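As structure tokens, the structure follows; a few thoughts come after it.
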Amino acid sequence: MSDPVAEPLKLIALDADDLSVISAHLQDAVLKRGDIAYLPAEKRFALALRRFDWEGATQGQKRRRLSALHFERVTAARSTKIATGEGAVLSLLAVTFAESDGPAGQVTLHFSDGAAIRLDVECIEAQMKDLGPIWEAVATPAHPEAG
């Protein structure tokens, strides 16, 4: 019997609402600094992530899978508090958009410990795609209650 939850995702974002759907699927994805690439000549920003399968979690599965996220029409990229040490792991919390001069604006990738990457974009044009195998996750990500 096939596992519908295991079907690979392929999502496109052309507005802030679409981007919030991608953000939800990528919450708690992990990556390393080497998994990030900015190609200014191509106006592209891309990253490879190991996303937690939140849909599978609703079925009692604890899984991760390799995914890619890329943005087109990127005119600048800046980072804050991104760890550069060998083996440093980033945990993605959310992807947001703030419009500045519609449809242009700033996409921010928010990571744990206050780290962030901000992309100046001409408009939202993003794609998230599952690339590879699924594997069992060690644990389900959890966030302590703010108090």
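Among the conditions (1) more than 17 Å from Leu14 (Cβ to Cβ); (2) touching a helix residue (DSSP H, G or I) at 6+ places or on another chain (Cβ under 9 Å), the only one that Phe97 does not satisfy is (1).
Residue count for the stretch 46-93 satisfying the condition of being among the polar types (S, T, N, Q), closer than 18 Å to Lys32 by Cα and open to solvent by 70 Å² or more (accessible area, probe 1.4 Å): 2.
For every residue, the table says whether it meets (1) outside any loop (DSSP other than H, G, I, E, B); (2) at pLDDT 95 or above; (3) of a type in the set (Lys, Arg).
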residue	(1), (2), (3)
Thr84	no, no, no
Gly87	no, no, no
Leu93	yes, yes, no
His110	yes, yes, no
Asp113	yes, no, no
Ile117	yes, yes, no
Ala142	no, no, no
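Screening Leu14 against (1) open to solvent by 80 Å² or more (accessible area, probe 1.4 Å); (2) within 18 Å of Gly132 (Cβ to Cβ) leaves a single unmet condition, (2). Do we find a residue being surrounded by 10 or more Cβ atoms within 10 Å (Cβ to Cβ), outside any strand (DSSP E or B), in contact (Cβ under 8 Å) with a residue 12 or more places away in the chain and in contact with a helix residue (DSSP H, G or I) (Cβ under 8 Å, 6 or more places away or on another chain) anywhere in the stretch 122-129? Yes, that holds for at least one residue.
The values are calculated or read from the model by the stated rules, or taken from the named source; none is laboratory data. No experiment lies behind these values; they were computed from the predicted model shown. Glycine gets a Cβ as well: all are built from the backbone with ideal geometry, and neighbour counts include every protein chain shown. Just so you know, the surface numbers come from the protein's heavy atoms only, side chains and all, with ligands and any DNA or RNA stripped out. Shrake-Rupley method; radii C 1.70, N 1.55, O 1.52, S 1.80 Å.
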